[in-house]
1. Roughly how many nanometres apart are two label points built 7 Å out from the Cα toward the Cβ at Glu309 and Asp57?
2. Rounding to the nearest 10 and keeping the result within 0 to 90°, find how far the Cα-based axis of helix 15-24 lies from the longest principal axis of the chain.
3. Nearest 20 debye, what's the magnitude of the dipole of segment 173-299 about its Cα centre given +1 on Lys and Arg Cβ and -1 on Asp and Glu Cβ?
4. Under 17 Å from the Cα of Lys264, which aspartates and glutamates turn up, not counting those fewer than eight places away in the same chain?
5. What's the magnitude of the charge dipole for the chain around its Cα centre, counting Lys and Arg as +1 and Asp and Glu as -1 at the beta-carbon? Answer in Debye, nearest 20.
6. Once Lys and Arg get +1 and Asp and Glu get -1 on their Cβ, which of Ser20, Leu67, Ala332 lies farthest toward the positive end of the dipole of the chain?
7. Spin-label point model (7 Å from Cα, Cβ direction): what's the Glu74 to Asn301 distance in nm?
8. If I model a spin label at Asn249 and Ile225 as a point 7 Å from the Cα along the Cα→Cβ vector, what separation in nanometres do I get?
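FYI, it's all coordinate maths here, none of it is from the lab. This is a predicted model, so every value here is computed, not measured. Cβ placement follows ideal geometry from the backbone for every residue including glycine, while neighbour counts extend to all protein chains displayed.
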Amino acid sequence: MKWIKMEMQTTTEAVDLVSSMLADLGVEGIEISDFVPLSEEDKQKMFIDILPELPEDDGSAVVSFYLDTDTDIEELKANIAVELSELRQFVNVGSGVLSVSETEDKDWINNWKEFFKPFRVDDSIVIKPTWETLTEKKDGDLVVEIDPGTAFGTGAHETTKLCIWNLKKYLKKGDLVFDVGCGSGILSIISRMLGADYAAAVDIDPIAVGVTAENAEVNKLAAAICEKDEKGLPVFTGKSGLIEVADGNVIGDEALRAAVGLQKYDIVVANILADVIIPLSGVAREFMKPGALFISSGIINMKQEAVEEALRENGFEIVEVVTQGDWVSIVAK
């Protein structure tokens with residue numbers, strides 16, 4: 001359906017009061033745009049390595065909200081004007097100028113799917129969206145079906161391809177794999193398809209937990225979301241033939257690391273960001289058997305040296321560095 005979009009010019013100090021005012025007028029959701037610098041916590045939750053340069057924060061903000069096309073816009077604008085006049089007694093609300101436009105008739109949650117088509121990772125691995133039909137398939141192809149939903153990871157990015165290539169090269173039948181930052185579960189799934197006996201998967205995003213389990217089942221692989229014990233820690237059973245998944249941050253949670261399993265895995269794989277891999281290299285060895293491999297990716301080339309230095313400082317030996325475009329994957333033991 002079509003929507004009416006309204007934008008209000010205001011200030012960062014007023015956005016909370018403006019948001020509350022709009023809620024009182026029946027507006028159910030808003031979007032805030034400003035130039036306030038991101039906190040370190042926010043940066044860690046983002047899936048990009050280099051943040052865009054924003055203008056200096058000047059205190060301005062834009063509050064956007066969407067309305068049904070049958071909304072009485074003039075009445076709403078009049079009510080907003082009255083409420084803004086009240087708010088001006090307590091806070092600088094800025095100009096309060098309103099603009100009105102109409103959005104296109106699109107399914108904003110799903111329209112990205114038209115750009116995600118089946119593609120070949122290499123000569124024998126094909127990634128196929130669950131909603132697409134595969135028209136070309138060779139004998140012996142390993143076809144991985146993925147619906148990332150709102151989790152991170154279609155497999156199309158160079159960083160994921162690099163991880164897949166390294167898994168295909170180094171994974172042995174019967175290996176145990178730990179997937180750190182699993183996103184859509186694509187690396188856990190491919191690990192099992194390539195012969196891994198078991199895969200544990202963890203992501204800081206709770207949404208990724210359900211998406212990983214669902215994608216595993218689409219590919220006819222057994223998967224389970226870990227139950228929690230009395231301390232609230234996930235219980236990884238390590239059962240053969242299973243992908244087990246839980247949410248959490250293994251870098252800062254020693255108890256979670258113990259729950260995942262220490263000195264247990266043949267391969268630890270992490271397709272995240274250089275700034276996350278650097279601290280992860282300080283704890284990754286805890287999960288690894290002697291002689292195990294740590295496959296990391298998501299590393300922009302300008303940060304390759306920093307990641308390699310962190311790995312060496314934490315007792316790793318660099319086995320191989322693989323690149324595609326501006327991206328780097330490092331295999332270490």
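1. Going from the Glu309 label point to the Asp57 one covers 2.9 nm.
2. 70 degrees
3. 420 debye
4. Within the straight-line limit of under 17 Å, Lys264 reaches these aspartates and glutamates: Asp175, Asp179, Asp197, Glu244, Glu254, Glu286.
5. Numbers: 30 positive and 60 negative charges, 425 e Å.
For the chain, the charge dipole is close to 2040 debye.
6. Ranked along the dipole, the leading option is Ala332.
7. If labels sit at Glu74 and Asn301, their model points lie 6.0 nm apart.
8. 2.2 nm
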